[in-house]
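Participant: Dropping the structure in here first, questions after.
Just so it is clear, none of the values below were taken in a lab; they were calculated from the coordinates. Keep in mind that this is a model prediction, so the values were computed, not measured. Cβ: placed from backbone, ideal geometry, glycine included. Neighbour counts: every protein chain shown.
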Amino acid sequence: MSKLRLLDLALLVVVGLLGWQLRREWIHSHAREQALLRRSLPAAKVPGLTPLDNVDPTTAAAYADVAMKDLFSEDRNPNVIVDPPKPEPEKPPPPFPVAHGVMLWPGVPPTIVLSEKSGGPQKGYRPGESIGQWKLVSLDNQFVSLEWNGKEFKKRIDELIDRTPVPEVAQSVGPSRAAAPATQQLGRQSLSSEQKSGPGLDVGGGQRACVAGDDAPAGAVVDGMRKVVTATPFGNNCHWEAAK
């Protein structure tokens with residue numbers, strides 16, 4: 001029992017010493033804290049602020065570059081964009097001449113019988129010749145090329161043929177013989193019963209066409225013109241030329 005009492009006493013002494021040590025540490029810590037709070041720090045010297053640069057007053061001209069580079073308003077650019085002149089409307093070509101026939105003979109330049117308008121005088125034309133505002137460029141048995149204002153137009157001959165119906169001529173009743181109307185189609189001329197031979201329509205180049213029903217023999221000379229008949233695979237071609 002005495003040993004237990006001694007042990008309890010020793011433990012009690014140890015606990016007392018620990019409590020005293022803790023209180024001592026707390027007192028020292030509290031004293032340091034109070035001393036730190038009561039201490040005053042010297043005022044630090046703060047340099048003065050640097051003055052700002054002078055700012056120029058705002059003007060509208062200063063924003064000209066902003067306006068010129070505005071991607072959403074091209075019309076604010078001081079460089080005026082002048083619209084290009086509008087092209088003049090293309091002038092329509094004049095009416096095409098009226099075709100009445102084509103003559104293609106061996107050894108003779110091709111010839112087409114044309115008139116400037118329906119019912120106008122007929123004449124033979126060859127490539128290089130002009131009729132009205134048109135110039136004949138080339139010619140074959142189906143197509144004709146015409147030039148106007150530097151532009152070339154290729155037309156079918158049957159498109160240029162005058163298909164206006166010929167009005168019938170009433171025959172007069174009397175002692176004189178009624179004259180039959182003269183009609184021309186595809187370069188051939190029908191004659192009245194009073195004319196059966198002789199030169200027909202002027203086809204250019206000093207030549208005249210043979211009329212339908214011409215019964216003059218080859219080599220016949222009429223009005224200073226000589227009849228020439230040329231055999232071709234498609235039949236005989238006939239024309240009148242100046243007699244030499």
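Participant: Can you compute the modelled spin-label distance between residue 164 and residue 147, with each label point 7 Å from Cα toward Cβ, in nm?
Facilitator: According to this spin-label approximation, the distance is 3.0 nm.
Participant: Order of 22, 49 from fewest to most other C-beta atoms within 10 Å?
Facilitator: Least crowded to most crowded, the residues run 49, 22.
Participant: Next question. Relative contact order of the range 98-160, please, whole-number percent, based on alpha carbon pairs below 8 angstrom and at least 6 residues apart.
Facilitator: It rounds to 22 percent for the range 98-160.
Participant: When only DSSP loop residues count, what trypsin sites (Lys or Arg not before Pro) in the range 1-56 have their Cβ near at most 13 other Cβ atoms within 10 Å? Don't skip to the end; give the middle numbers.
Facilitator: Working: sites: 3, 5, 23, 24, 32, 38, 39, 45; in loops: 39, 45.
Taking the range 1-56 and a limit of 13 other Cβ atoms within 10 Å, the loop trypsin sites (Lys or Arg not before Pro) found are 39, 45.
Participant: Measure off 7 Å from each Cα along the Cα-to-Cβ vector at residue 14 and residue 63, then give the distance between these two points in nanometres to one decimal.
Facilitator: Calculated label separation equals 8.7 nm.
Participant: Please arrange 238, 210 by how many other C-beta atoms lie within 10 Å of their C-beta, fewest to most.
Facilitator: Ascending Cβ contact count within 10 Å gives the list 238, 210.
Participant: Once you have the Cα-Cα distance between residue 130 and residue 220, take 0.36 nm times their residue separation minus that, and quote the gain in nm to one decimal.
Facilitator: Gain on extension, residue 130 to residue 220, equals 29.2 nm.
Participant: Can you list the lysines whose alpha carbon sits under 30 Å from that of residue 123, skipping same-chain ones fewer than 8 residues off?
Facilitator: Within the straight-line cut-off, residue 123 pairs with 91, 135, 151, 154, 155, 196, 227, 244.
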